[in-house]
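The values are calculated or read from the model by the stated rules, or taken from the named source; none is laboratory data. Because the structure is predicted, anything quoted here is derived from the model rather than measured. When we count neighbours, we look across all protein chains shown, and the Cβ atoms used for this are built from the backbone with ideal geometry, even at glycine. Keep in mind that these areas ignore ligands, DNA and RNA; they rest on the heavy atoms of the full protein, side chains included. Shrake-Rupley method; radii C 1.70, N 1.55, O 1.52, S 1.80 Å.
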Amino acid sequence: MNSIVKNMSLAPSGHDKIEWVKNFMPVMSAIDKEFSKSKPFAGKKIAISLHVEAKTAYMTEVFRNAGAEVALTGCNPLSTQDDVAAALVEDGINVFTIHGCNPEEYENFIDKTLDIEPDIIIDDGGDLVHQIHTKRRELIPKILGGSEETTTGVKRLQNMERRGDLAFPMIAANDAYCKFLFDNRYGTGQSTWDGIMRTTNLVVAGKTVVIAGYGWCGKGAAMRAKGLGANVVVTEVDPIKAIEAVFDGFRVMPMVEAAKIGDIFLTLTGDKDIVTAEHYPLMKNNAVLANAGHFDVEINIPQLEEISVSRRTVRKNIEEFLQTDGRKIYLLAEGRLVNLASGDGHPAEIMDLSFAVQFFSAAHILHNHEKLEKKVYLMPEEINTKIAEIKLDSIGVKIDTLTEEQKKYLSL
C-alpha cells in the first residue's frame, strides 16, 4: 500500500516524540514485550482510525510487533501530527492522513485505510464503522469485529445495534473502567486546559468557566478548572448529574443564564447545538468558546458566523467573530477537539491505560469472535483488573489482598 502523509522529511521529529512517550507507557511496553514473542495477530490485518500522535503511534507499533499488518488514519482533521505520521511510514506502517485535510480528503483516507481489507477495526468516533456499513459493505464478511475508543462512537454503535444494523461485534473500549475513569476524567481534564492555555496564553484563575456536560469528561474539566482558580458553572440536562455537580461544589444553571456570566465556555456533551444563536447575544466581550466533544457540532458555528460582522484568524487556532455591537467572541480550534487540535492530547501515562484496553479488546475479538453476536459488548472485567495490576506494578504501588476467610465472608 502507498501511504499518504504530508512530508517524509518530518520523520525525525516524529521518532523523537514516539521515543519520548514510550518512557511513560509501561503497560504498553509490558504488552509489547510479551506479545512480540507470541505474535497472536500474525496473519491478521487491523484498520485503525485514531488521533495520529505519538501515543497512538506507539500502540500501532505494538500491534505490528504482535504480528498484525496495520493501516492507520486520523479520526479528526486537526489532530494529526504530520511528523508522527511520517515516522510511522518510515517504520513500515501504512498511514493515510494529513493535518488539516478537507472533508473529501478525510473520507478518502478512511477508504484507503479500509483497502487493507481488515479482520479487526479500531475506531474513534465511529467513522470507520459508518464507512463500512454505508459504502464498503463488501468488507463485512471478513471483519471479525472491533473496538470503539470514545463516548460518541459508542453511542453511534448502540443506536446501530438497536436498529439491527450492526454487522459485526464491537467492544465499547470507552466504557471499560480502565478507560473512562482515567482517560475521560484525568486525561480530558488536563489536556483540554493544556490546549486552551497554550492557545490563548490567558490566565484561568478568577475567570468564570462554563462547563457544558457533567459526564466523566465534564467532571475532569471542571475539577481542573477549579484547581486553576476558576469560578466554575456547570450546565446539564440530566437531573442526577446536575445534583452531583452541586454536591461537588459547582453552580448549576441553564446555558441561557450561564451565557451572561461566562468568560470561557467548554462543551463536553457529545450532542449538537449546546451553544447557539440564543446564547451569543448574551455573552460578554472577549468570551472564549472551546469544545472537547468528538465532533465540531456542539458550538453552532454557522449561527455564530451568520450573526457576526466579520470572522478572522487572530492567532493560531483562534478565530475572532466581531458582533454588531462591537463585542468580540473567540472560537478555538474551529470548534474541534481543543485538547488535540490545539495540544498533544491526553498525557502518555493516561493513554497507556486506554491503549492497553484497545489492545486487549482486539485480542478478545480475535479469540472469541465465533461466540460473539452482532452487538456492542463491554470488555471482560478480568482484563480491566489485569491492566490495573500491570500499571500499579510499573509505578511500584502495592495493595492488599483478601484472605481466604475474607473471600468466604464476602460470598455469604
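If you put +1 on each Lys and Arg Cβ and -1 on each Asp and Glu Cβ, how big is the dipole of the range 155-298 around its Cα centre, in Debye rounded to 20?
Rounded to the nearest 20 debye, it is 280 debye.
Can you list residues whose amide H is under 5 Å from T150's amide H, if they're 5+ apart or on another chain and H is modeled 1.01 Å from N?
Result for T150 returns G125, N174.
Sorted from largest down, what three extents in whole angstroms do the Cα atoms of the range 28-97 have along their principal axes?
36, 22, 19
Taking the dipole about the Cα centre of the chain, with the C-beta of Lys and Arg at +1 and of Asp and Glu at -1, give me whichever of V338, Y186, I116 is farthest to the positive side.
Of V338, Y186, I116, it is Y186.
Over the Cα atoms of the range 145-201, compute the convex hull volume and normalise it per residue, giving Å³.
Roughly 88 Å³ of hull volume per residue.
Have a look at the range 1-136 and give its Rg and Dmax from the Cα atoms, expressed in angstrom.
14.0, 40
Under 8 Å for C-alpha pairs, at least 6 residues apart: give me the relative contact order for the chain, rounded to a whole percent.
17
Volume per residue, Å³, of the convex hull around the alpha-carbon atoms of the range 300-355?
Enclosed volume per residue, from the Cα hull, is 85 Å³.
Report the dimensions of the range 296-396 along its three principal axes from the alpha-carbon atoms, largest first, rounded to Å.
Extents along the principal axes, in whole Å: 60, 40, 16.
Which value, in debye to the nearest 20, describes the size of the charge dipole of the chain about its Cα centre when Lys and Arg Cβ atoms bear +1, Asp and Glu Cβ atoms bear -1, and nothing else is charged?
Value, rounded to 20: 440 debye.
Quantify how much of the Cα-Cα distance distribution of the range 237-368 extends past 21 Å, in percent.
51
Using heavy-atom solvent-accessible surface (probe 1.4 Å) with all chains present, what is the largest-first order of H294, H130, H369?
H130, H369, H294
How long is the gain from F24 to L322 if the chain were fully straight, where each residue apart is worth 0.36 nm and the alpha carbon distance is subtracted?
102.9 nm
Would you give the gap between the C-alpha center of the range 124-175 and the C-alpha center of the range 191-231, rounded to a whole Å?
When both Cα centres are located, 32 Å separates them.
For q values of 0.11, 0.14 Å⁻¹, compute log₁₀ I(q)/I(0) with the Debye formula on a Cα-only model of the chain, without solvent.
-0.83, -1.28
Using θ = phi - 60° and the Karplus curve 6.51 cos²θ - 1.76 cosθ + 1.60, what whole-Hz ³J(HN,Hα) does each residue of the range 209-223 get, with Gly and Pro shown as x?
Computed from phi, the couplings for the range 209-223 are 9, 9, 9, 9, x, 10, x, 5, 5, x, 4, x, 5, 5, 4 Hz.
Using 7 Å Cα-to-Cβ label points, what is the L372/S38 separation (nm, one decimal)?
Those two pseudo-labels are separated by 1.7 nm.
Largest first, how would D393, D344 line up by accessible area (1.4 Å probe)?
D393, D344
Would you rank R224, R136 by solvent-accessible area, highest first, keeping every protein chain in place and using a 1.4 Å probe?
Result of the area sort, largest leading: R224, R136.
Let me check against my output: what whole-number percent is the relative contact order of the range 255-350, with C-alpha pairs under 8 Å and at least 6 apart?
Taking the mean separation of contacting Cα pairs over the length of the range 255-350, I get 26 percent.
May I ask for the Kirkwood hydrodynamic radius of the range 196-238, worked out over all distinct Cα pairs and given in angstroms to one decimal?
Kirkwood radius, the range 196-238: 10.7 Å.
If you take the C-alpha gyration tensor of the range 136-244, multiply each eigenvalue by 5 and take the square root, what semi-axes do you get, largest first, in whole Å?
So the equivalent ellipsoid measures 35, 16, 11 Å along its semi-axes.
Percent relative contact order of the range 75-211, based on C-alpha pairs within less than 8 angstrom and at least six residues apart?
Taking the mean separation of contacting Cα pairs over the length of the range 75-211, I get 16 percent.
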